[in-house]
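Written out below as structure tokens is the structure these notes cover.
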Amino acid sequence: MALRPDEDTLAKIQGAQEILNIRGKVFPLFRLHNHFKIPNAETDPKAGTVVIVENGGKQCGLLADGMVSKQEVVIKSLGSMMQGIPGVSGGAILGDGNIALILDTASLISAA
């Protein structure tokens with residue numbers, strides 16, 4: 001699920017951990033720009049896009065700048081030079097020839 005949360009949806013637990021309360025369910029908020037050290041990224045969840053992901057029964061919201069599209073892709077390994085990037089599990093060649101990195105939701109959720 002992808003959404004743009006409003007002020008009522010966002011909260012902090014004990015003044016530190018950010019959470020989302022969506023339809024009575026609570027999700028930790030994980031800021032991708034902090035994890036990947038992305039400068040000039042969208043830092044306001046109300047202006048960005050939060051994507052709710054699940055892995056092994058655990059769920060969390062990933063804050064991204066936005067969502068370009070949703071599509072099915074074939075995941076390829078990144079090769080030895082790009083392996084071992086925390087939070088990235090592979091890549092995909094898009095229809096226009098661009099390469100998209102595939103997030104490793106299991107490691108991101110465990111870090112949230």
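The values are calculated or read from the model by the stated rules, or taken from the named source; none is laboratory data. Because the structure is a prediction, the values reported are computed rather than measured. As a convention, Cβ positions derive from the backbone with ideal geometry for all residues, glycine included, and neighbour counts pool all protein chains shown.
Assorted remarks:
- Evaluating Lys46 against the criteria (1) over 19 Å from Ser110 (Cβ atoms); (2) free of Cβ contacts under 8 Å to residues at least 40 places away in the same chain; (3) basic (Lys, Arg) leaves one unmet condition, (2).
- Filter pass, Val74 being loosely packed, with under 14 Cβ neighbours inside 10 Å, of a type in the set (Val, Ile, Thr) and assigned to a strand (DSSP E or B): no
- Selection of the range 14-26 for residues being on the phi < 0 side of the Ramachandran plot, assigned to a loop (DSSP other than H, G, I, E, B) and not hydrophobic (A, V, I, L, M, F, W, C) yields an empty set.
- Among the conditions (1) surrounded by fewer than 15 Cβ atoms within 10 Å (Cβ to Cβ); (2) at pLDDT below 85, Leu108 misses just one, which is (1).
- Of all residues in the range 78-87 being free of Cβ contacts under 8 Å to residues at least 24 places away in the same chain and touching a Ser or Thr at 6+ places or on another chain (Cβ under 9 Å), the one that is surrounded by the fewest Cβ atoms within 10 Å (Cβ to Cβ): Gln83
- Only residues that are closer than 14 Å to Glu18 by Cβ, of a type in the set (S, T, N, Q) and in contact with a Phe, Trp or Tyr (Cβ under 9 Å, 6 or more places away or on another chain) were counted across the range 32-74, and they come to 0.
- Residue list for the range 51-71, restricted to those being assigned to a strand (DSSP E or B) and among the basic types (Lys, Arg): Lys58
- Of the residues making up the range 37-50, not a single one is in a loop (DSSP other than H, G, I, E, B), surrounded by 13 or more Cβ atoms within 10 Å (Cβ to Cβ) and more than 16 Å from the chain's Cα centre (by Cα).
- Flag for Ala11 being among the aliphatic types (A, V, I, L, M), surrounded by fewer than 14 Cβ atoms within 10 Å (Cβ to Cβ), out of contact with any Leu (no Cβ under 7 Å at 6 or more places or on another chain) and not in a loop (DSSP other than H, G, I, E, B): yes
- Restricting attention to the range 29-43, the residues that are polar (S, T, N, Q) and over 18 Å from Thr105 (Cα atoms) total 2.
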